[in-house]
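Here, each number is a calculation from the coordinates, and none is a lab measurement. Just so we're clear, the structure is a prediction, and the values are computed from it rather than from any experiment. Every residue, glycine as well, gets a Cβ built from its backbone with ideal geometry; the counts of neighbours run over all protein chains shown.
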Amino acid sequence: MERNTTRRWARLGAAVGTGALLVGVLAGCSGAAPGADSGSTDTDAALEEDVTLTWWTWSDATQDQADAISKVYPNVTFDVVKLENPDAVVTKLQNAIKAGKGAPDIVPVEYQTLPQLTLGDALADLTPYGLGEYEEAFTASTWNSVNVQDQLVALPGDSGPMVMIYNKALYEKAGITEAPTTWDEFAVASAAIHAADPEAYIANSGDAGFFTSMIWASGGQPFKTDGENVTIDLQDEGTKKFADFWSERLDAGELSGLATWSDEWTKALTQDKLGTLLMGSWMISGGMEDYGPVGRFKVAPMPTWDGEPASAENGGSGIAVTSQSENKAAAAGILKYLAEGEGRALLNANGFPSTVADLENPEWLDYEFPGYSNQPANQIGAASAESVIPGWQYLPYQGYANNVFSDSVGKALGSGGDLNEALLEWQDTLVQFGNEQGFSVNK
Amino acid sequence: MTVAHVHPQQPAGVSTETYATVAVGRTASTGAAGGRRRRVRRDWSGWWFVGPFMLVFGLVFVAPLVYAMYLSFFRETLMGGNSFVGLENYAQALVDPKFWEAMGRVSIFLLVQVPIMLGLALFAALALDSARLRWVPFYRLSIFLPYAVPGVVAVMIWGYMYGSQFGLVADLNRFFGVELPSPLSENLILLSIGNIVTWEFVGYNMLIFFSALKAVPQELYEAAEIDGAGTFRTIFSIKLPSIRGALVIATIFSVIGSFQLFNEPSILQTIAPNSITTYFTPNLYAFNLSFAGSQFNYAAAIAIVSGVITMVVAYLVQLAGEKKEKA
């Protein structure tokens, strides 16, 4: 009896051992080097053949877009993988690039992370596939964003020229009947709103993406990259102008500390406690009806410093092909389809366009949004696209910069410190990081 | 892979399974014969039993550690490529004020939160064990319930309650007409996290203590009663000494838990980004270094240094526990 038991265990042990071996062998197989890209740049030919393209995204709309494209190109199958947000996509993509495998074929990339991913050789140059010919179709600022280090690394997708979406009723309750057109008027409105209702604020103090866009709109250009040489000056005129202005609001206790997109922030909007969103134009059709009844919100141009319209891009993203893709030609072919006509219309259904033709399309411009009590709000976004201040650059490590923003500037926004001092602290961190990473920063 | 080579004399053509069976059978008979030849032919069949475990152990425990150590000796930069830097990452970690600030923070957390949590857990366990409560299973389950709530959900629930403009704190403010300080402000965030962790883990520790108390022989209580010992005398002279082992174990778990604090600050960061820095705890620091800053190598060094510190502190706690036991 005893021996039987022993024997049974031995058999089991052997079986498990063999099983484990098998797993090891299988794992070894999957680790084999993947077949390389054919290297062909003929996108039409590539789309004639059966191909499966993996498409990572953070948008709910991508699956529908992929289904629609599959109808046009029946040989192309899409494997759409939805991740929670843009940061998750960047992190996963960087990990795949580092691991040498696992990256998708097509991936959306925020304009602000393009330099970082380009530097990490994560994206394919689209010039050989003939995508450069679409330059004229796009706004100067978005085309500028997708051209990084002399490479065309993405096709512009949506864009985010900044606008001001404000709660008309809340402003009126404080005696402000017209949307502020200058920052001085904004300051007056800010004080009035908080005085009329101590729980109401004109805006929340904001995050890194907001802060950099506001610096941009104020004429600041704190980041300059030329190859390995990076210059960071978070005390240039425009930066200081905005930091001083925002410090005054902060010191007066007129800014809400709620984090953008948090539950409490949503509640503040729906309960008339948060007056203004300074955001990219994608927010115009971004579901403002969720935050209040028809007519509560209106869209206005960004306030200006001197009466001259000045704006910036806030968010927006392009569509890129990864350097690891084995089907670059086919993926680039899909991007070509998305560049104009029907394909572009698919993209524009969810977001603010970056194509000149669409921005000038009278039908689109005159569309009266029921949510803004029939205001043709796209006109304001289109005007903003034209007044985006040229010359802005993001850091080649903007993802890191935005991450550590909370350690210095965020801290000051939270507990009311000196913003200029905090900006310098942020700058020190960024200079040190850049130099450690092999750039030549501020040298 | 090692499994296949464990038995060097395996004849070709004989299946692994049969051979293992035969080998074991032979061992049994050799043993019966008096084991004279045991020295001559070393028997490897034991490896068939521990092999699968060792394989998995090596794969999921040893390999990641070795890989982290390997990583920590290099420095890969965005522009300069990868280079061997020896112990430079460790040298940098040892003088990194951010790392030590994080260490200091979890140390304070450890010194304040752990005694409170274990004290509450012990009190609850003793109360449940006192035989003076009705509905013991109900209380036991109620106290344990928070532990069954997934950590992420727990933090979100608390995050909502902490809200000083629309959460429970806001409601309290309005109801009583007071102005409570915001639990999510920079000054109070650590306390708020301590509160969440205590809520989550009191039940778990209570269960450890309670089961240890259940194992105390009834005879001891009877003897104590005959000697005229009261409730508190019984607690201090019988119950607590009997569950010392459980106390030490729970303390060690809590020490490790404190040093590894990650989930709570990481999730609260989305609603209070300005109160929680990227180097709030050592784990959060390592996470942000590698995933936001691509500093995988330095993050590995940070992880190893904080792992070693955790081990040392946990070991000291164990030593202290054992010493008292002997005394």
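Give me, ordered by chain and number, the residues 5 or more places off A:Gln375 or on other chains with an amide H under 5 Å from its own placed amide H. Distant-sequence amide H within range of A:Gln375: A:Phe369.
Relative contact order for chain A: what is it in percent, counting Cα pairs under 8 Å that are at least 6 residues apart?
24
Karplus-based coupling profile of segment B:267-283, in residue order and whole Hz: 7, 5, 4, 5, 9, 9, x, 8, 9, 10, 6, 6, 10, 5, 10, x, 5, with θ = phi - 60° in 6.51 cos²θ - 1.76 cosθ + 1.60 and x standing for Gly or Pro. For segment A:205-253 versus segment B:81-112, the spacing of their alpha-carbon centroids is 31 Å. The order of B:Arg75, B:Arg132, B:Arg233, going from fewest to most other C-beta atoms within 10 Å of their C-beta, is B:Arg132, B:Arg233, B:Arg75.
What relative contact order, as a whole-number percentage, does segment A:200-342 give when Cα pairs under 8 Å and 6 or more residues apart are counted?
On the way: 128 pairs, mean separation 40.0, N = 143.
So the answer I get is 28 percent.
Within the same chain, lysines fewer than 8 places from B:Lys214 are excluded, and of the rest, those with a Cα less than 18 Å from its Cα are B:Lys239.
What the Cα convex hull of segment A:83-165 gives, in volume per residue, is 111 Å³. Take each residue of peptide B:267-276, count the partner chain Cβ atoms within 10 Å of its Cβ, and average: the result is 6. Computed over the protein assembly as shown, the convex hull of the alpha-carbon atoms projects to a mean area of 45.1 nm².
Mind checking segment A:366-443 for GluC sites (Glu not before Pro) that DSSP puts in a loop (not H, G, I, E or B) and that have at most 15 other Cβ atoms within 10 Å?
Hits after loop and neighbour filter: A:Glu368.
Rounded to the nearest Hz, the phi-derived 3J(HN,Hα) couplings of segment A:333-343 under the Karplus curve 6.51 cos²θ - 1.76 cosθ + 1.60 (θ = phi - 60°) are x, 5, 4, 4, 4, 7, 6, 8, x, 4, x, where x marks glycine and proline. Per the Cα gyration tensor, chain A maps to an equivalent ellipsoid with semi-axes of 43, 28, 24 Å, ordered largest to smallest. Partner lysines whose Cα lies under 24 Å from the Cα of A:Lys92, excluding those fewer than 8 positions away in the same chain, are identified as A:Lys82, A:Lys101, A:Lys328.
Here segment A:312-422 was treated as a single set of alpha-carbon atoms; its pair distances binned every 5 Å from 0 give 2, 8, 12, 13, 14, 14, 13, 11, 8, 3, 0 percent. For the pair segment A:91-170 and segment B:167-189, the centres of their Cα atoms are 42 angstrom apart. By the helix-only formula, in which each DSSP H run with n ≥ 4 contributes -39500 (n - 2.57) and the sum is divided by residues, chain A has a 222 nm mean residue ellipticity of -13000 deg cm²/dmol.
Per residue of B:158-164, other chain Cβ atoms within 10 Å of the residue Cβ number 2 on average. For the pair segment B:147-162 / segment A:394-419, the C-alpha centres are spaced 27 Å from each other. Around the amide H of A:Phe78, modelled in the peptide plane, lie the amide H atoms of A:Leu53, all under 5 Å away and 5 or more residues distant in sequence or on another chain. Where a ≥ b ≥ c are the square roots of the eigenvalues of the C-alpha gyration tensor, would you call chain B rounded, which needs a/c under 1.5, or, failing that, prolate if a/b is larger than b/c, or oblate? Oblate shape, in that a/c is at least 1.5 and b/c is the bigger or equal ratio. The P(r) of segment A:393-439 has a tail past 11 Å containing 65 percent of all C-alpha pairs.
Over chain B, what is the mean sequence separation of C-alpha contacts under 8 Å (at least six apart), divided by residue count, expressed as relative contact order in percent?
That works out to 23 percent.
Dividing the summed helix terms, -39500 (n - 2.57) for each DSSP H run of n ≥ 4, by the number of residues in chain B produces a 222 nm estimate of -21500 deg cm²/dmol to the nearest 500. When the listed pairs A:Lys224/A:Lys336; A:Lys240/A:Lys411; A:Lys411/B:Lys98; A:Lys98/A:Lys443 are checked against a 21 Å cut-off, the alpha-carbon distance exceeds it for A:Lys224/A:Lys336; A:Lys98/A:Lys443.
Please work out the ratio of the alpha-carbon Rg of segment B:37-127 to 2.2 N^0.38 Å and round it to two decimals.
1.91
Amide H contacts of B:Phe280 (H built 1.01 Å from N, in plane; Pro and chain starts excluded): B:Tyr285 sit under 5 Å, all sequence-distant by 5 or more or on other chains. Residue-wise HN-Hα couplings along segment A:419-436, as the Karplus relation 6.51 cos²θ - 1.76 cosθ + 1.60 with θ = phi - 60° gives them from phi, are 5, 5, 5, 5, 4, 5, 5, 4, 4, 4, 4, 5, 5, 4, 4, x, 5, 4 Hz; Gly and Pro carry x. For the residues of B:290-297, the average number of beta carbons from a partner chain within 10 Å of their own beta carbon is 6.
How would you order B:194-202, A:133-141 from highest to lowest mean count of nearby Cβ atoms within 10 Å?
Ranked by mean Cβ neighbours within 10 Å, highest first: B:194-202, A:133-141.
Note on segment B:89-233: along the principal axes its Cα atoms extend 59, 52, 27 Å, ordered by decreasing extent.
Note on segment A:226-341: Kirkwood hydrodynamic radius from all Cα pairs is 18.8 Å, rounded to one decimal.
In this simple spin-label model, placing a label point 7 Å from the Cα along the Cα-to-Cβ direction at both B:Leu188 and B:Glu219 gives a separation of 5.5 nm.
Lysines near A:Lys273 by alpha-carbon distance under 16 Å, same-chain residues fewer than 8 away left out - which ones? Leaving aside lysines fewer than 8 places away in the same chain, those within reach of A:Lys273 are A:Lys168, A:Lys173, A:Lys298.
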